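The values are calculated or read from the model by the stated rules, or taken from the named source; none is laboratory data. In this text, all values refer to a predicted model and were calculated from it rather than measured experimentally. Here the Cβ is made from the backbone with ideal geometry for all residues, glycine too, and neighbour counts use every protein chain on show. The area values use the complete protein model at the heavy-atom level, side chains included, leaving out ligands, DNA and RNA. Shrake-Rupley method; radii C 1.70, N 1.55, O 1.52, S 1.80 Å.
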Amino acid sequence: MRATMGRSTSPSVLFLLWAAAAQLLLINAALMVQSVPYDYSSSSECLAEPLEAHYGGGVIVNSDFSAGLQGWSAFGYGSVTEGSSPTGNRYAVAANRTRPYQSVSQKVFLQNDTHYTLSAWLQVSDRSADVIAVVKTADNFIHAGGVDAKSGCWSILKGGLTAAVSGPAELYFESNTTADMWVDNVSLQPFSKEEWSSHRHAAVKQARKRTVRLRARDAAGNPVPGARVHIRQVRSGFPLGSAMSHEIINNEKYQQWFAKRFTVTTFENEMKWYSTEWTQGHEDYSVPDAMLRFARAHGIAVRGHNVFWDDPSTQLGWVKALSCDQLRAATAHRMKSVMSRYAGKVIAWDVVNENLHFDYFEDKFGAGASAAFYQKAHGMDGGALMSMNDFNTLEQPADQSGLPSKYLSKLSQIKDAFPGNGVGVRMAIGLEGHFGATPNIPYVRAALDTLSQAGVPIWLTEIDVKPGPDQAHHLEQVLREVYSHPAVHGIVLWTAWHPQGCYVMCLTDDNFNNLPVGDTVDKLIAEWKTSSHVGVADADGHYDAELFHGDYNVTVTHPAAAANSTVVQSLSVHRESDDEYTIHV
């Protein structure tokens, strides 16, 4: 028997069968180790009383301060006292602060190679302050998350970190003011890498897949038991793409490589103001026009990037030389020019790029400049998403300008400026995702939890990971994390190819052979797609299949009829699609 199998089954087929079985075992193992479900809850509201600590506080002792300050200490030679609300809620108060790091702290023991999710409720005594959670280890200070805390109400800080080594550590909080800081309901919950992965598998199953029942019926409506069913996915329902450069226009290898993989793109620079109007009054859209023709010919959706960029360093000399009134006229012309040209042809607009970190137009026109631009943009292309696009909201917990709470505040400011507070306006969150060599994966998930409170689509718009010995591994972890989060609606990698090199991360060499990061992307594209398979309907003519969201061709053949009884039907599976489909054969 072994000799017969050796003759009839090639080594490559055996390897594929073994790989498929191994993958199934890994998935099942990941699902089995899920001991503590992950809590995706967060809040964008500032509340009169804090909510209970996640996971009962996890490894934090006396997380709700019900036992006074037991387990807690004053950090940085500060002063910590007990506080209580009229309702009896108890918390810690770091008072008389003279240094940013003076606060309440607790010593913990971190386990090597373990993810930790962190949360705490914070309030300050005067106006507002950016509060950052810091974990001090033997040789490092790890920034684990931050929030724009306010006076008079409680805000949640949700973040996380990964412990690189086992050992003692100390959690404390620092801020950019010396106002009194109130701390309550702190949680630090450990998860093994296997547990963390199991959460992803569970989230993917719920957010990216749907179990569909196909019902085979004959012309009289009777069940067709034994009907043969062949399901083939023809397009993924989750937008995954890459930025593209103008080099794609005349490069057939680049075109073939790109069109084979991606369903969405962003033009790296070619649609920006400085690319289309280098000299005032002399516009040239020939390059983005050609790129758009290529994308549309291959069914690749395009994000409009961008109408304006708030970074002063990106403004052309002639723009900087304009008076306020002249600049107002120039921006009105720019918006009308680019948006009337591409309205209805792009799925989203980055209307004002990076307006959390920069304020060129706000400085010229006032604090409401972004809101005014978004209102005008929506009027010109109401069918597209109006996206805020910025960096470090996922990448850098210590960047106070990019905190999730700051992002949500800016988004709310723009949306609230619309008539009727933006009801019916299709806003979106755009997160660039330019990660360092070692991304903080728990913080990525926590930040997405908080941003999801806005109730609008979240897109990862410019993902890359800095070069390093484990670049491909870290890219895979980032992509798995954001793909699995139910609030994420699409992913674009910032990997436009140039012969002189890519911005940070190339997926291929100059002959369009995959580099390790390119192999990682291809692996995930294949994994996040339903493999073609054949099955047989049961005695009631039913065939159940768990399918990734996307478009399918379903072929159903009557087992007892002539060959011409085969029927091919298109099927679209998505978040709101039906669970049952009838196919007559």
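Rounded to the nearest 500, the 222 nm mean residue ellipticity of the chain from helices alone is -8500 deg cm²/dmol, with -39,500 (n - 2.57) taken per DSSP H run of at least 4 residues.
Accessible surface for region 432-511, divided over its residues, is 30 Å² per residue with a 1.4 Å probe. Taking 0.36 nm per residue of separation and subtracting the Cα-Cα distance, full extension of the segment from Thr87 to Ser151 would add 21.3 nm.
Where the only charges are on Cβ atoms (+1 Lys, Arg; -1 Asp, Glu), what is the dipole of region 175-222 about its Cα centre, to the nearest 20 debye?
Value, rounded to 20: 740 debye.
When nucleic acids and ligands are ignored and a 1.4 Å probe is applied, Trp497 ends up with an accessible area of around 20 Å². Distances between placed amide hydrogens fall under 5 Å for Lys272 paired with Asn306, all partners being 5 or more residues away or on another chain. Basic side chains Lys and Arg get +1 at the Cβ, acidic Asp and Glu get -1 at the Cβ, and with that the dipole of the chain about its Cα centre reaches some 1260 debye.
Remark on the chain: Cys324 stand apart, with no other cysteine beta carbon under 4.7 Å.
Note on Lys260: lysines with a C-alpha under 17 Å away, same-chain residues under 8 apart excluded, are Lys523, Lys529. Net charge in the neighbourhood of Lys345 (other residues with Cβ under 13 Å of its Cβ; Lys, Arg +1, Asp, Glu -1) is +2. For the chain, what proportion of DSSP beta bridges, expressed in % and rounded to the nearest 5, is antiparallel? Taking every DSSP beta bridge with both residues in the chain, the antiparallel ones total about 70 percent. Applying the criteria of a DSSP loop state and at most 16 other Cβ atoms within 10 Å to the GluC sites (Glu not before Pro) of region 484-585 yields Glu576.
Take each peptide in 266-273, 355-362, 59-66, 509-516, count the other Cβ atoms within 10 Å of every residue, and average; sorted highest first, the result is 266-273, 355-362, 59-66, 509-516.
Amide H contacts under 5 Å for Gly490: Leu460, restricted to partners 5 or more places along the chain or on a different chain, H placed in the peptide plane at 1.01 Å from N.
The portion of the accessible surface of the chain made up by carbon and sulfur, rounded to a whole percent, is 52 (1.4 Å probe; DNA, RNA and ligands excluded). Its relative contact order, with pairs defined as Cα atoms under 8 Å and 6+ residues apart, puts the chain at 18 percent. Please report the spacing between the Cα centers of region 293-318 and region 425-474 in Å, no decimals. Rounded to whole Å, the Cα centres lie 20 Å apart. Highest mean packing first, where packing is the average number of other Cβ atoms within 10 Å per residue, the peptides 484-494, 43-53 line up as 484-494, 43-53. Relative to the Cα centre, the charge distribution of region 404-487, modelled as +1 at Lys and Arg Cβ and -1 at Asp and Glu Cβ, gives a dipole magnitude of about 300 debye. Taking all protein chains as shown and a probe of 1.4 angstrom, Val504 keeps an accessible surface of around 50 Å².
Computed with a 1.4 Å probe over protein heavy atoms only, the accessible surface of region 279-400 comes to 39 Å² per residue.
Under the simplified labelling scheme, the Tyr274-Gln569 pair shows an inter-label distance of 5.5 nm, with each label point 7 Å from Cα along Cα→Cβ. Taking K and R as +1 and D and E as -1, what net charge do the other residues with C-beta under 12 Å from the C-beta of Lys150 add up to? Here the charged neighbours net out to -3. With the whole protein complex present, Phe109 retains an accessible surface near 120 Å², based on a 1.4 Å probe. Short-range pairs are left out: with C-alpha atoms under 8 Å and at least six residues apart, the relative contact order of region 108-230 is 32 percent.
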